[in-house]
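A short write-up of the structure that comes next.
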Amino acid sequence: MISGHRFLFFLIVFFLAGAAIASLVSCNAAVQQEEKFKASADMLYMDYQVTGEEERGEITVRLVFRYGGPEGRGMLLDTSASVSFDGQQLAADSSKMGGVYYEARYLAQGFEGLHQIEYKDGVGKVYVDTFSFPFFSLRSAGLPATVSRTKGLELEIDGLKEKDELHVMLTDTSFYGRGIDRLDTLKEGKMVFTQQDLDKLKNGPVHLEFYREKELGLNQTSRQGGRLYLSYNLSREFVLIE
């Protein structure tokens, strides 16, 4: 006879397995549904997104072919068309909200260098775009565990030029302060926060995030156009004191 605890365990396992199968079936059904309508290549906006976070150590490549423009639904490519990243052909997946997309994930370590996206449309035309991912990092000294607002904060950052912009966000644990949220550039290789900047934050734990974002045009596109969006994020925490 199965005890109450064992029965509950088997019930949870059965439920989780069922949910996973249902999710897989739903995705496959969504892709099959998109097969009922395949737009011509000239009607597809080529939305390429490559994003990463230092904390996860992973880069996500997501390629979406949107019907009619940048706000359109992601469409399934014709069977005679294909899209690949660094020579690896990508398979279709889908979501209920956005439609079909083509995605692959890679380890951030070793992702430096030049990458290539190649799209072949249904009539044999080839669209090729190359890029380097915008990695950056804090110098080995990094961020101190405790920062004095009267002394300010200077962080040395590698991988950026003087005019490269970073989206900078610093937030504390209070619900009232707006913190720091701005686009900024390096000053002699450093990101500088003055006492006046830090006065926007309450004493205590502070969460810091740096985003580097780039939006580029594509070398070749359909009549609807396209873009290449690149984004990399790193985050840190410290304690702010007087």
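Pairs, please: C-beta under 9 Å, at least 6 apart or cross-chain, first residue free of Cβ contacts under 8 Å to residues at least 60 places away in the same chain and in the stretch 215-226, second among the hydroxyl-bearing types (S, T, Y)?
Cβ pairs passing all conditions: E215/Y229.
Just to be sure, is L234 under 14 Å from L170 (Cα atoms) and either hydroxyl-bearing (S, T, Y) or in a loop (DSSP other than H, G, I, E, B) (or both)?
no
Between D172, D197, D184, which is surrounded by 13 or more Cβ atoms within 10 Å (Cβ to Cβ), charged (D, E, K, R), touching a residue at least 60 places away in the same chain (Cβ under 8 Å) and under 25 Å from E53 (Cβ atoms)?
D172
Scan the stretch 145-163 and give yes if some residue there is within 20 Å of the chain's Cα centre (by Cα) and of a type outside the set (S, T, N, Q), otherwise no.
Scanning the stretch 145-163, I find at least one residue that is within 20 Å of the chain's Cα centre (by Cα) and of a type outside the set (S, T, N, Q), so the answer is yes.
Out of the residues in the stretch 152-168 that are in a loop (DSSP other than H, G, I, E, B) and touching a Leu at 6+ places or on another chain (Cβ under 9 Å), state the one that is surrounded by the most Cβ atoms within 10 Å (Cβ to Cβ).
L160
If a residue counts only when it is modelled with pLDDT of 90 or more and among the β-branched types (V, I, T), which strands (runs of 3 or more DSSP E) contained entirely in the stretch 27-125 have at least 3 such residues?
58-67
The values are calculated or read from the model by the stated rules, or taken from the named source; none is laboratory data. Given the structure is predicted, the values throughout are model-derived calculations rather than measurements. Methodologically, a virtual Cβ is constructed for each residue, glycine included, from the backbone with ideal geometry; neighbour enumeration extends over all protein chains shown.
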